[in-house]
Amino acid sequence: MTSDFGLTTDYTADCLILSTAGYINSDGGDQILAKIQEALSRDVNRVVLNLLDSKVINSIGISFLIEAIELLMNAGGKMVFANLDPAVEKALQIMGLFHFAGRAPSVTDAQKELN
Amino acid sequence: MSHFSKIDELFVHRRALQAGFDNLIHARTLPDLAERFASLLRWHLRLLCVDIWFKAADDLPWVALSLESEPCYDEENPFRDCALASSVDLQAPCRELSFTVAVEETTCFGIAARRDSDDTPLDQSDILSLHLFLQTLSNAYQVFVTRQQEREATFSLNTHRLQINSLVDAGVELFAARDDKTLLILALQQAAALTSASFGRLTVSREGEVIATYHFPENAVAPAHPAISSRLESEFEFLGKTYAFLLMNKESRNGTVSFDETDRVLLTGQTRQVKVTMENRYLYRQSLEQERFKQELAVAAAIQRALMPTTFPRISGFEIDGFSWPCEEVGGDFFHCIPMEDGRLALVVGDVSGKGIPAALLVSTLHASLHAYLDGQLSLTEIGRKLNSFICESSTANKFITCFIGILTTATGELEVLNAGHESPFLRRKDGTIAEIRSSGLPLGVFQDNPTLQAERLRLSDGETLLVFTDGLSDALSETGEAYGVIRIREKLRQAEMPAGELIRSIREDVHRFAGTVPLADDLTLLAVSCTRPCPATAGDYYSI
């Protein structure tokens, strides 16, 4: 089954910016985790996850995000969420992600928080 | 070695074990645990390389957790054929180690390690230390598993909290949707997220024919034949349409799983929310439309009231009064007292078939056309026939108007009358006798050509009163179901030696008393004209009644 999830990657001088589009489900979460593992292999442990174009996320997608955050923390890094839809933000809040990851209203603000 | 040396050595070991345990329990993943343990062994036992493998259950293969760049053992996987039971059977001295350690009933670590050939072989003390470190590994693994289970339990609990919150929030979001299509698309994506479905479809059908289909994700291709366990359905009906939700492929970290009872409850709850929201939106739109209709009706009623007189011309020798009581906000009755250019007075009472707005619209048509024809130089017969043609053209097939038109020459008391199918007006003579002015023609609007419409002439003399009324008066019902009736009207008129104004008031009060709490079934209109002075006779034909 094909999905409509999209993911773009942008390595800056100091972090990785991942921008998603579409439903963050198992497939989407797996892609995000894979990109973060790739970043860690390149010694990049600071990640901005831009969810501007993702309005829906399920618990399996969230479980992949949790795993990604743990990987970054193990490597001494951090993840900051940007452009969160209110419903998605509430879901991440309830699942406890903001105990271990940051959130910011924009990608620029997220980059500042990482620094 | 002396006692004190032994004690010191054990003390060092204890601190090393404690430090090792504290290090191991901070592992976040199994490979991390293995890597930490490998480092521990390398440091404390001077092992050149340490490879660690893991077997979670009998039917699962060995998984490499921590491997050196070059294998520490001859074979690629030294534990392929090993049993799961703990087999730490090490004999000192040795330089190579290969053994398995059971940490749970069916769970096992496999460790292969080697000391440098330039170094001394592992002695008994090293083997003893190794046993202690393995025990530390086992304990740390238990902590790791317990934490893992706690995290999974917390994740599961949070997931349930998320589902409940999401279901509640879904209802609020649905109500805020700007239209039904947005609402349905939102409901579908909420349902998919709630149940961790990969795909969702919502079809709207009427009498078995699909009229709309929505997918989530919008551009995703659904599986052609999903297994039954990977389907979850729920539907409801509203205003003749069926809304069917279908979710497919519930996700988990281990692939597609079956939808469970919780998912069924969530989807049912969601579809109920959608139905309730659609019902509320529909009722809200209905109430807005009703409110708008009421306001328009109030305006229409005000316009209609303005068409009918509240005051009447003061004419020497005559008293005129009347009133109209619609049974709904707007009615089909009409009356008027219209001064004509030549000084005569037109008295009109009309009753449109039916009630409410359709009847009221025809009343305004009658009002407008009447004014136009009365201003011309037409005879009353001609006016009647022209009104008839106009009403035929203006109204629908089932609409007609009964109408009484009287044109009073106030100087002489001459009254020219035309009764188009209307309830017969009564004329009270001075001696109390009652005469009926019977209808001479069909109501207006029945046939295009109506030759039955023919005006007649009579005279209103001193002490005489003309009472024109609609059938709403004779049809008014009491609380016992009795009709007011024409006989009662005649009797009332016969007994009432009073001018027009008093007569109208008296009849109104009597009807009000008679009906009690029973509402009017039809519009009720009265018009009375009484003559209070002698009028000179004129030549001509008079209708004698």
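Tabulated data for the structure shown
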| quantity | calculated |
| --- | --- |
| Test: residue in region B:209-216 that is part of a loop (DSSP other than H, G, I, E, B) and under 21 Å from B:A176 (Cβ atoms) | no |
| Residues located in region B:296-333, provided they are among the charged types (D, E, K, R) and either part of a loop (DSSP other than H, G, I, E, B) or under 16 Å from B:T410 (Cβ atoms) (or both) | B:R314, B:E319, B:D321, B:E328, B:E329 |
| Positions within region B:420-458 being within 22 Å of B:L503 (Cα to Cα), buried (at least 20 other Cβ atoms within 10 Å of the Cβ) and of a type outside the set (F, W, Y), in sequence order | B:H422, B:E423, B:P425, B:L427, B:R428, B:I437, B:L458 |
| When residues of region B:65-87 are limited to those that are loosely packed, with under 15 Cβ neighbours inside 10 Å and aliphatic (A, V, I, L, M), the one modelled with the lowest pLDDT | B:A85 |
| Search result, residues across region B:430-458 that are among the aliphatic types (A, V, I, L, M) and farther than 18 Å from B:G406 by Cβ | B:L442, B:V446 |
| Qualifying residue in region B:158-171 (condition: closer than 23 Å to B:R281 by Cβ, under 16 Å from the mean Cα position of the chain (by Cα) and more than 8 Å from chain A (Cβ to nearest Cβ)) | yes |
| In region B:303-334, residue nearest to B:V352 (Cα to Cα) [restricted to those that are among the small types (G, A, S) and either surrounded by 13 or more Cβ atoms within 10 Å (Cβ to Cβ) or modelled with pLDDT of 85 or more (or both)] | B:G332 |
| Count - residues of region A:48-59 that are buried (at least 23 other Cβ atoms within 10 Å of the Cβ) and not in a strand (DSSP E or B) | 3 |
| Candidates B:K250, B:K275, filtered to the one that is buried (at least 17 other Cβ atoms within 10 Å of the Cβ), among the charged types (D, E, K, R), closer than 25 Å to B:S166 by Cβ and free of Cβ contacts under 8 Å to residues at least 60 places away in the same chain | B:K250 |
| Test: residue in region B:223-237 that is aromatic (F, W, Y), at pLDDT 95 or above and surrounded by 12 or more Cβ atoms within 10 Å (Cβ to Cβ) | yes |
| Candidates A:A34, A:A21, filtered to the one that is within 12 Å of another protein chain (Cβ to nearest Cβ), within 30 Å of B:H215 (Cβ to Cβ) and modelled with pLDDT of 95 or more | A:A21 |
| Residue within region B:256-265 that is in a helix (DSSP H, G or I) and either within 27 Å of B:V330 (Cβ to Cβ) or within 14 Å of another protein chain (Cβ to nearest Cβ) (or both) present | yes |
| A:L18 outside any loop (DSSP other than H, G, I, E, B), without any contact (Cβ under 8 Å) to a residue 40 or more places away in the chain and among the aliphatic types (A, V, I, L, M) | yes |
| Residues located in region A:61-86, provided they are in contact with an Asp or Glu (Cβ under 8 Å, 6 or more places away or on another chain) and modelled with pLDDT under 95 | A:N74 |
| Flag if B:E502 is over 45 Å from the mean Cα position of the chain (by Cα) and surrounded by fewer than 21 Cβ atoms within 10 Å (Cβ to Cβ) | yes |
| Residue list for region B:24-46, restricted to those being touching a helix residue (DSSP H, G or I) at 6+ places or on another chain (Cβ under 6 Å), away from chain A (no Cβ under 14 Å) and modelled with pLDDT of 90 or more | B:L24, B:I25, B:F37, B:L40 |
| Among the residues listed as B:F245, B:F293, B:F236, the single one being touching a Lys or Arg at 6+ places or on another chain (Cβ under 6 Å), away from chain A (no Cβ under 13 Å) and either more than 30 Å from B:E152 (Cβ to Cβ) or part of a strand (DSSP E or B) (or both) | B:F236 |
| Residue in region B:317-329 that is among the β-branched types (V, I, T) and closer than 23 Å to B:P519 by Cα present | no |
| Long-range neighbours under 8 Å by Cβ, at least six apart or interchain, first residue within 8 Å of another protein chain (Cβ to nearest Cβ) and without any contact (Cβ under 8 Å) to a residue 24 or more places away in the chain within region A:47-63, second crowded, with 24+ Cβ neighbours inside 10 Å and in a strand (DSSP E or B) | none |
| Selection from region B:138-164 of residues that are among the hydrophobic types (A, V, I, L, M, F, W, C) and touching a Leu at 6+ places or on another chain (Cβ under 7 Å) | B:A140, B:F144 |
| Qualifying residue in region A:75-87 (condition: surrounded by 16 or more Cβ atoms within 10 Å (Cβ to Cβ), out of contact with any helix residue (DSSP H, G or I) (no Cβ under 9 Å at 6 or more places or on another chain) and within 14 Å of chain B (Cβ to nearest Cβ)) | no |
| Within region B:177-206, considering residues that are of a type outside the set (V, I, T), in contact with a strand residue (DSSP E or B) (Cβ under 9 Å, 6 or more places away or on another chain) and more than 30 Å from B:S156 (Cα to Cα), the one farthest from the other protein chains (Cβ to nearest Cβ) | B:R206 |
| A:D4 vs. criteria out of contact with any helix residue (DSSP H, G or I) (no Cβ under 6 Å at 6 or more places or on another chain) and either at pLDDT 95 or above or surrounded by fewer than 16 Cβ atoms within 10 Å (Cβ to Cβ) (or both) | no |
| Count of residues meeting criterion [outside any strand (DSSP E or B), surrounded by 20 or more Cβ atoms within 10 Å (Cβ to Cβ) and more than 45 Å from the chain's Cα centre (by Cα)] in region B:348-370 | 1 |
| Number of positions in region B:424-440 that are among the small types (G, A, S) and in contact with a helix residue (DSSP H, G or I) (Cβ under 7 Å, 6 or more places away or on another chain) | 1 |
| Where A:Y23 falls short, out of the listed (1) touching a strand residue (DSSP E or B) at 6+ places or on another chain (Cβ under 6 Å); (2) under 25 Å from B:A170 (Cβ atoms); (3) buried (at least 22 other Cβ atoms within 10 Å of the Cβ) | (1) |
| Filter result (out of contact with any Gly (no Cβ under 8 Å at 6 or more places or on another chain), within 16 Å of B:F323 (Cβ to Cβ) and of a type outside the set (D, E, K, R)) within region B:501-527 | B:G501, B:L503, B:S506, B:I507, B:V511, B:H512, B:A515 |
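The values are calculated or read from the model by the stated rules, or taken from the named source; none is laboratory data. The structure displayed is predicted, hence computed values, not measured ones. Cβ: placed from backbone, ideal geometry, glycine included. Neighbour counts: every protein chain shown.
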